[in-house]
Amino acid sequence: MEQRALSRPERSDGHQPSHVRRWGRRFLRALVYLLLVVIAILVGTQALVTVARSTTRPAAFLAAGFLAYLVVAVLGHWLLTRRVPAERRRRTRLVGAAVLAGIVLVPSLVWGLPPDGEAARTRAVAGTEQWQLPTGSRLAVLKIPAGQRTHDTPIVFLHGGPGVADMAHDAPFFGWFTSLGYDVWLYDQVGTGHSARLADPRGYSVERDTADLEAVRQRIGADRMVLIGFSYGGTLAANYLARHGEHVAKVVFTSPGRMVWQAYDTAGTGMLGRVSFRDQLRAAAAGLAPRAYLAYSLVKADPRSARAFAGDAEMDARFADLHGATAAGLVCPGHRTPATPDRLGFYANQVIDGKSATMDVRPGLRRLATPALVLKGGCDYLPWHFATDYRDAMPGTRLVYFPDAGHQLYDEQPDRYRAVVAAFLEDRPLPVTPYTGDEAPADFTGPTR
């Protein structure tokens, strides 16, 4: 006798079994609905941002975004269920509409509320004063007096960012220069650190920071100052020089930011590529958290709407999370990652970053004879030409290269930094030979363009 086949014979008609076709249809349907949800979310976000340009009331622009999402999602669902049998069509549409609404509504209720608590806040450095300036800014200002003052021109340190003040860290470091007979001043720029936040975040700008610096000089009572600008502080120093060059005795640009400030993005500059994959995930989680992502989007529409939705305390804390995730990119690989300040200024950072410069400072700088020094680290995440732009803009400016240092070079090579700056301030020969080339050194690991 012939044995009976123990398994079902394969079909020879070229058709797949029914269960394969059934699962294939379900998979295709799921992809279509996923695409529908994505399209609806994009439309809803665009509607939200559009309405946020005309009103700063969160209830209004959030409702507009949700309704736009719901209309697109439900309409698409209605079209996709036209072939459902009539006896099941109504229920299918109602259930589907409820699910589509819940996809956005439930996460919005869970993630749409502000965080319960705020990050711990440090106290201001002892001796810090609050100065109300004629510009309308209220700044936290610290004076570190020289034990024996031998110079009438004080040193004023300008921190970076924008919106990244860390006086508790910077005061001890730059206070060392009092040993040379200089009074040293530090202050938190408006919108960050222990300085006041603006009720209207549209007021943050390079121009306002420049006006604040001039008001600080007048309040100090110094005819001229020595400016030490770090990162964005270098940009600020250049803008101040172009407007008030007669009040600057000398200037040090440390890891300077873009000379001509304009819409600025660190993408592609090498910062994120230098941090670990785990930190990249942390950065993505911090930046793409629903409330954070929405706040970033709203800043571009109207910073007032963004601040009405997510206030300074919340977004400063979120900015600190993002900064902490990327802080390893500020130094060379293997070097100690700098701690993240707890009073960063989100809106100062975002609004200034998103603005275009209203003035090209280079023509004004070329007319100056102010002694200037540019310091650049070998693995700074900012492009090489940022440093040469400063060197080439001001006659006689010298550029000193720190091979084994990153953006935060005064943390990584403090002794060498102080030695170079001290020699510059005291008109002594620099302890290193200035770099005169236009192209980046062979061992420079940051962006070369």
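About its Cα centre, how strong a charge dipole does the chain have in debye, to the nearest 20, once Lys and Arg get +1 and Asp and Glu get -1 at the Cβ?
For the chain, the charge dipole is close to 2720 debye.
For the chain, give the share of DSSP beta bridges that are antiparallel, in percent and rounded to the nearest 5; count only bridges with both residues there. Just about 30 percent of them are antiparallel. Under 5 Å from the amide H of PHE402 lie the amide H atoms of LYS376, GLY377, GLY378, each residue being 5 or more positions distant or on a separate chain, with H modelled from the backbone and absent for Pro and chain starts. Each of GLY96, VAL43, ALA59 was scored by the projection of its Cα onto the charge dipole of region 19-111, and the greatest displacement toward the positive side belongs to GLY96; charges sit on the C-beta of Lys, Arg, Asp and Glu. Along region 124-133 the Karplus relation, 6.51 cos²θ - 1.76 cosθ + 1.60 evaluated at θ = phi - 60°, assigns HN-Hα couplings of 5, 4, 3, x, 5, 10, 9, 10, 8, 9 Hz to successive residues, with x for each Gly and Pro. For region 280-367, the set of trypsin sites (Lys or Arg not before Pro) satisfying both a DSSP loop assignment and a count of at most 12 other C-beta atoms within 10 Å is given as ARG336, ARG367.
Using the Cβ-Cβ distance between THR150 and ARG362 with R0 set to 35 Å, the FRET efficiency from 1/(1 + (r/R0)^6) comes to roughly 0.55.
Proximity of backbone amide H atoms, modeled 1.01 Å from N, is registered between ALA249 and MET225, VAL226, LEU227 at under 5 Å, excluding neighbours fewer than 5 places apart on the same chain. Footprinting exposure proxy ranking of ASP443, ASP312, fewest other C-beta atoms within 10 angstrom first, gives ASP443, ASP312.
In the chain, excluding the sites themselves, the longest stretch lacking any of the GluC sites (Glu not before Pro) that are in a DSSP loop with at most 13 other Cβ atoms within 10 Å is 119-425.
Considering only Cα atoms, the convex hull volume of region 285-363 works out to 117 Å³ per residue. When shorter helices are ignored and each DSSP H run of at least 4 residues is given -39500 (n - 2.57), the per-residue value for the chain at 222 nm works out to -15000 deg cm²/dmol. Ordering of 248-258, 67-77 by packing is 248-258, 67-77, highest average first (other Cβ atoms within 10 Å, averaged per residue).
According to the Cα gyration tensor, what semi-axes, each the square root of 5 times an eigenvalue, does the equivalent ellipsoid of the chain have, listed from largest to smallest in whole Å?
Equivalent ellipsoid semi-axes, largest first: 55, 27, 18 Å.
Residues in region 440-449 carry Karplus couplings, in order, of 5, x, 4, 9, 6, 9, x, x, 9, 10 Hz; the curve used is 6.51 cos²θ - 1.76 cosθ + 1.60 with θ = phi - 60°, and Gly or Pro positions show x. A simple rule links phi to the HN-Hα coupling: the Karplus curve 6.51 cos²θ - 1.76 cosθ + 1.60 with θ = phi - 60°, which for region 95-101 gives 5, x, 4, 5, 5, 5, 5 Hz, with x for Gly and Pro. Distant-in-sequence amide contacts of GLY446, defined by a placed amide H-H separation under 5 Å and a gap of 5 or more residues or a different chain, comprise ASP380.
Helix 384-393: angle to the longest alpha-carbon principal axis of the chain, degrees 0 to 90, nearest 10? Once rounded, one gets 40 degrees. The angle between the Cα long axis of helix 277-288 and the main principal axis of the chain comes to about 80°, on a 0 to 90 degree scale.
In region 199-258, taking the dipole from charged Cβ atoms about the Cα centre, the farthest positive-side position among ALA199, THR254, ALA237 is held by THR254. With everything on Cα atoms, drop me the angle between helix 414-425 and the longest principal axis of the chain, reported from 0 to 90° to the nearest 10. So the inclination is approximately 50 degrees. In terms of its Cα atoms, region 365-442 spans 33, 28, 18 Å along the principal axes, sorted from long to short. Going from the residue with the fewest nearby Cβ atoms within 10 Å to the one with the most, LEU213, LEU142, LEU79 rank LEU79, LEU142, LEU213.
List nothing, just return the count: lysine pairs in region 126-449, 8 or more apart or interchain, with Cα separation under 27 Å. Value for region 126-449: 4. Note on region 173-216: Rg/Rh from Cα positions, Kirkwood definition for Rh, rounded to two decimals, is 1.11. Note on region 199-260: along the principal axes its Cα atoms extend 33, 28, 16 Å, ordered by decreasing extent.
Coordinate-derived values only; no laboratory data. Computed from a prediction, not measured in an experiment: that's the story for all the values here. Glycine also receives a Cβ, built like all others from the backbone with ideal geometry; neighbour counts cover every protein chain displayed.
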